Amino acid sequence: VQLVESGGGSVQAGGSLRLSCAASGLTFSRYHVAWFRQAPGKEREFVASITYSGNMDYTDSVKGRFTISRDNAKNAVYLQMSSLKPEDTAVYYCGARPYVGGTYSYWGQGTQVTVSS
């Protein structure tokens, strides 16, 4: 199983980025997928998730600014980030877990997002 994130970069506050996570080696449509992030000196935190059936959830700090989506035909999940703030600066990871239960056991290598004020 492999998850590969892309799309990170450096932007100014108020800008936008779209992260992508490409999955291989698993039946993607049977997995819930989520984005997490980890800022320097902080623990990894949940950002957004999308179930195998398309139900979405977000942490409060990104509601209204970030949108998670998936394309099962492309084995991909996306995170559209708008109105970015300096506090969104972190390494963003995608994770996957089976829809039948369990923890997020598959992870990508992460992609850096840096937002400057």
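The values are calculated or read from the model by the stated rules, or taken from the named source; none is laboratory data. Keep in mind that this is a model prediction, so the values were computed, not measured. Here the Cβ positions follow ideal geometry from the backbone for every residue, glycine too, while neighbour counts run over all protein chains shown. Calculation scope for accessible area: heavy atoms of the full protein, side chains included, ligands and nucleic acids excluded. Shrake-Rupley method; radii C 1.70, N 1.55, O 1.52, S 1.80 Å.
Evaluating 6.51 cos²θ - 1.76 cosθ + 1.60 at θ = phi - 60° for every residue in the range 35-52, the Karplus couplings come out as 10, 10, 9, 9, 8, x, x, 10, 7, 5, 10, 5, 10, 7, 9, 9, 6, 4 Hz, glycine and proline recorded as x.
Rounded to two decimal places and with Rh computed the Kirkwood way over Cα pairs, what is Rg over Rh for the chain? Before the final figure, lay out each step's value.
Details: Rg = 13.4 Å, Rh = 14.0 Å.
Using Cα coordinates only, the ratio equals 0.95.
With the simple spin-label model, which puts each label point 7 Å out from Cα in the Cβ direction, the Val4 to Arg18 separation comes to 1.9 nm. Label 7 Å along Cα→Cβ of Arg65; the range 73-117 residues with amide nitrogen under 17 Å? Inside the label zone: 79-93, 112-117.
Legend: calculated FRET efficiency, Ser53 to Thr114, from the Cβ-Cβ distance at R0 = 41 Å, rounded to 0.05, equals 0.75. The listed residues Ser82, Ser10 rank as Ser10, Ser82 when sorted by accessible area, largest first, using a 1.4 Å probe. When both the range 67-117 and the range 15-49 are represented by their alpha-carbon centers, they are found 2 Å apart.
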